[in-house]
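To start, the structure itself, in structure tokens.
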Amino acid sequence: MARRGAGTPFLLQLSLLLLLHLGGTLGCASVTPSSPIVPLGSTVTASCTIQRELCRGLEQGKIRISWMLDNKPVAGSQHQGPGGTEVSNLTLPRFNHTQARLWCCVEWNGTKQRVGMTEIRAGYPPAKPLNLSCILNLSDYGLTCQWEQGTDSHLPTSVVLKCAGSRGEAVTGCTPRGGHSHCTVPRRLLQLYRQMEIWVSATNALGTAESEHLCIDPMDVAKLDPPTLQSIQSIPFQTDCVALAWDMAWGTEHMELQCELRYRAPEDPAWALVTGIIGRAGTTQRCGFLFGTQYRFQMRCRRSSASSLASWSEWSPGRNYTTHEKAPTGKLDAWWGAQPAGTEGRLEVQLRWKAPRQREANGRVLGYRVTLSPRRRGRDPPTICNTTHTQCSFSVPAGTRRVYLSAYNAAGESAPTEVVLLERKGQPLAGLRAVPGGEHSLWVHWEAPLAPVIAYVLEWQPVTAEPEPCSSCWQIERDGAATTALIQDGIQPFQRYNISLYPLYEGTVGVPIHTTAYSQQKAPSYAPKLHLKRIGKSEAELCWEPLPVEMQNGFITSYTIFWANSITHVASATVNPSLSSFVIRGLKPSTLYKVHIMASTAAGGTNGTSLTLVTTVLDDTEIQFLFLTLGLVFVVLIVLLICFQKNERMKEQLWPSVPDPANSSLGKWVPAAVPQEPLQVLAVREPGPAAISTVTVLEGEPGKQPGKEHPALPAALPALPRPYVRQEGPGEPVQYARVGGAGYRG
């Protein structure tokens, strides 16, 4: 019974679902929205009407209607409609879904059943298509147009390309496929050599948008094939002019074409453009080219009657041509250094010069020649230097004041440049400084001298551990009134440069002034390695080797020493970059410290490796004092020992000589009363008989009786007075002496 009762609600629910599915969705409930497609963010209303008699299983009882937007419940209002229907109305004030399903549900037996549904989409009107352009393909005379789509409308949008001829009848030219923004109008819909109106139309449920209308003659936008350059050659007697010849592309022979020519040398930053060339002419001339220079030429064409919307053909394949050479022209910028040679009466000259620019070289320079006199009427003077480099060292007589420099190529030699070897004894400049002008440049500023200056010569040299001469690291400023100059040749970041400035006066060269600079700085590559020079109880002296200039990457502004033990915080001190040692004071005795150094530039600092040190218990002076004291004590002891060995009287006072009783004559004496009794000795000595050979009579001290105890002797040692006899022979014994326990004297 329990199982049957539990299964009854499930069977009722299943039967209700079947009934609603069979009849409810089709005729039981109807969901009507205000509009199935609405603007995104607008208000949406909907109603759900349920006819009770059509919903089998819901004929009896009250019907409760609810709503769900996708899977989210939303609240509506319910009332009774005409004819016994139940109606629920829903208002969504802001519909922010691009696509959603709105469900109408009824509640039966505690469950919510879906009986009706409508789908609502939201979006925007179509955006206006932009940048419409068209090209006519001469191979099939199809007009291909392309454009840019606007923002996504989130709604199905129909896009077509429309065109209208001179009669004003608009037709659909083509429809893009697959969501692309281009399509091709076939030849049958085009009117060649006549104006046509072309535009793009985009339509969805919320509206229609059109692009700007394009009014063109399809032939004006024909995409022509590029011409072909046939030959390029120099015009005789005018070697700076060239003549070009070309052939037109196939299919364009009957057209009036307008062409453009462009050319450039390898070192040119941009192309030079020549316009207004008539295509059907087939040839053109152009002047102003540099001598001995390779150029690259290209050409393109379009219809001469075309509008501004017409398309140019692609540029033709490039063609290279090198113009004729001629002898170099112009003067060479030269700079020199001179010093006495090892040979007496000779002068060693280091001459440097700048290579001529392409406009003056007139081709490829093959070499340079230095002579002591200029060339006159075909007579070549003796050559003292002939080189392909831009520097030369040679020896000349001490009185030489001029040399002559010239450049030559395959076409000839330039006019000689006179180089005057002036003495460097003029007035120097008052001040010179250099600042970064960029990562690869330096601005140099100086103060103009009082005397008039003809020009300035700037020299710069990278500072390295092993300096190498740089022949191109100099430049001439021709403006004598200038006070600034920009150095750009060969400047690298993180590299130090020595800069020198020479003023050129009338008839002399000023004494140079110097400075150093970086175009860009950064932290040093590494910090110096610390070494312990000495250490004491409360201080330690450290030293280090200065960083190589290549590793500094900037001007060292300071060194910072850090030290700490295991208890205190880290302490530090800043050291002047000119120093290479430092003394740390205030340390604790017999303590371990860790020390490291940081090298800093204006752009940052770099830490070095750590050095571990332990302070001593005593200072050097204290250790020296201790050793000195011990030495003095040792010396005193030695002296005293020597004195004791040499002075017998002092020796007798400190170590008196005591006779050996075993060697005395007393050992031969025996007591008279008990001659047979063995000799008794004190308990403090080893027992045993003692042979006495001689007895010496000792006189007792005055006032004392022999045999009585002496007060200075201990009580444990009583006096033993006994008579001793000396055996002279077999006769009667003779008493010789009596030994008392009292004090005695020798």
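Computed from the C-beta positions of residue 570 and residue 634, the FRET efficiency with R₀ = 51 Å rounds to 0.65. In the neighborhood of residue 139, defined by Cβ-to-Cβ distances under 13 Å, what is the net charge if each Lys or Arg adds +1 and each Asp or Glu adds -1? With Lys, Arg at +1 and Asp, Glu at -1, the net is 0.
Among 153, 566, the order of accessible area from largest down is 566, 153, computed with a 1.4 Å probe on protein heavy atoms.
Taking R0 as 22 Å, what FRET efficiency do you get between residue 117 and residue 205 from their Cβ-Cβ distance, rounded to the nearest 0.05? Once the sixth-power term is evaluated, E becomes 0.65. Extension gain, residue 380 to residue 603: 0.36 nm times the residue separation minus the Cα-Cα distance gives 74.5 nm. Between residue 154 and residue 34, the modelled label-to-label distance comes to 1.6 nm, taking each label 7 Å out from Cα in the direction of the beta carbon.
Annotation: for a label point projected 7 angstrom from Cα along Cα→Cβ of residue 498, residues of the range 505-527 with backbone N closer than 17 Å are 511-518. Fully extended, how many nm does the chain gain between residue 389 and residue 68 (0.36 nm per residue separation, minus their Cα-Cα distance)? Full-extension gain reported as 106.6 nm.
The dipole here belongs to the range 260-375: it is taken about the Cα centre, uses +1 on the Cβ of Lys and Arg and -1 on the Cβ of Asp and Glu, and is about 440 debye. Taking a point 7 Å out from the Cα of residue 623 in the direction of its Cβ, the residues of the range 521-544 whose backbone N falls within less than 17 Å of it are 532-542. For residue 603, what is the net charge nearby, where nearby means another residue's Cβ is under 15 Å from its Cβ and Lys, Arg count +1, Asp, Glu -1? Here the charged neighbours net out to +1. Modelled spin-label separation between residue 472 and residue 346, with each label point placed 7 Å from Cα along the Cα-to-Cβ direction: 3.1 nm. For residue 116, the residues whose modelled amide H falls within less than 5 Å of its own, excluding neighbours fewer than 5 places apart on the same chain, are 104.
Which entries of 62/112; 72/112; 331/425 show an alpha-carbon separation above 22 angstrom in the structure shown? Show your work: numbers first, answer last.
Values: 62/112 14 Å; 72/112 13 Å; 331/425 26 Å.
Over 22 Å Cα-Cα: 331/425.
Accessible area per residue was computed with a 1.4 Å probe on protein heavy atoms; residue 65 scores about 20 Å².
Here the calculated FRET efficiency for residue 267 and residue 228, from their Cβ-Cβ distance with R0 = 30 Å, stands at 0.65, rounded to the nearest 0.05.
Using 0.36 nm per residue, how much length does the chain from residue 443 to residue 646 gain when fully extended, once their Cα-Cα distance is taken away?
Values: separation 203, 0.36 × 203 = 73.08 nm, distance 9.16 nm.
So the chain would gain 63.9 nm between residue 443 and residue 646.
Leaving out ligands, DNA and RNA, what percent of the accessible area of the range 530-614 is carbon and sulfur, probe 1.4 Å? Carbon with sulfur: 56 percent of the solvent-accessible area.
Ranking 250, 227, 193 by how far each Cα lies toward the positive end of the dipole of the range 167-314 (charges on Cβ) leaves 250 at the top.
Is the C-alpha gyration tensor of the range 349-392 telling us rounded, prolate or oblate? Criteria: a/c under 1.5 is rounded; beyond that, a/b larger than b/c is prolate, otherwise oblate. Present the calculation step by step, with values, prior to reporting the outcome.
Details: a/c = 2.33, a/b = 1.28, b/c = 1.82.
Cα axes put the range 349-392 in the oblate bin.
Quick one: go through the range 150-173 and flag any residue whose amide nitrogen is under 19 Å from the point 7 Å out along the Cα-to-Cβ line of residue 197. Of the residues in the range 150-173, 160-173 have backbone N under 19 Å from the label point off residue 197.
Each of the peptides 437-443, 449-455 was scored by the mean count of other Cβ atoms within 10 Å over its residues; in descending order, highest first, they stand as 437-443, 449-455.
Among the trypsin sites (Lys or Arg not before Pro) found in the range 33-100, those both in a DSSP coil and sparsely packed, with 14 or fewer other Cβ atoms within 10 Å of their Cβ, are 62, 94.
Placing pseudo-labels 7 Å out from each Cα toward the beta carbon at residue 107 and residue 423 gives an inter-label distance of 11.9 nm.
Could you sort 568-576, 501-509, 282-290, 344-352 so that the peptide with the highest average Cβ count within 10 Å comes first and the rest follow in order?
Numbers: 568-576: 11.4, 501-509: 18.0, 282-290: 14.1, 344-352: 16.1.
So the peptides 568-576, 501-509, 282-290, 344-352, ranked by packing, come out 501-509, 344-352, 282-290, 568-576.
To the nearest 10, the accessible area of residue 478 is 150 Å² with a 1.4 Å probe.
The values are calculated or read from the model by the stated rules, or taken from the named source; none is laboratory data. The shown structure was predicted, so the numbers you read here are calculated from the model rather than taken from an experiment. Note: ideal-geometry Cβ built from the backbone for every residue, glycine included; neighbour counts use all protein chains shown. These area figures cover heavy atoms from the full protein model, side chains too; ligands, DNA and RNA do not enter into them. Shrake-Rupley method; radii C 1.70, N 1.55, O 1.52, S 1.80 Å.
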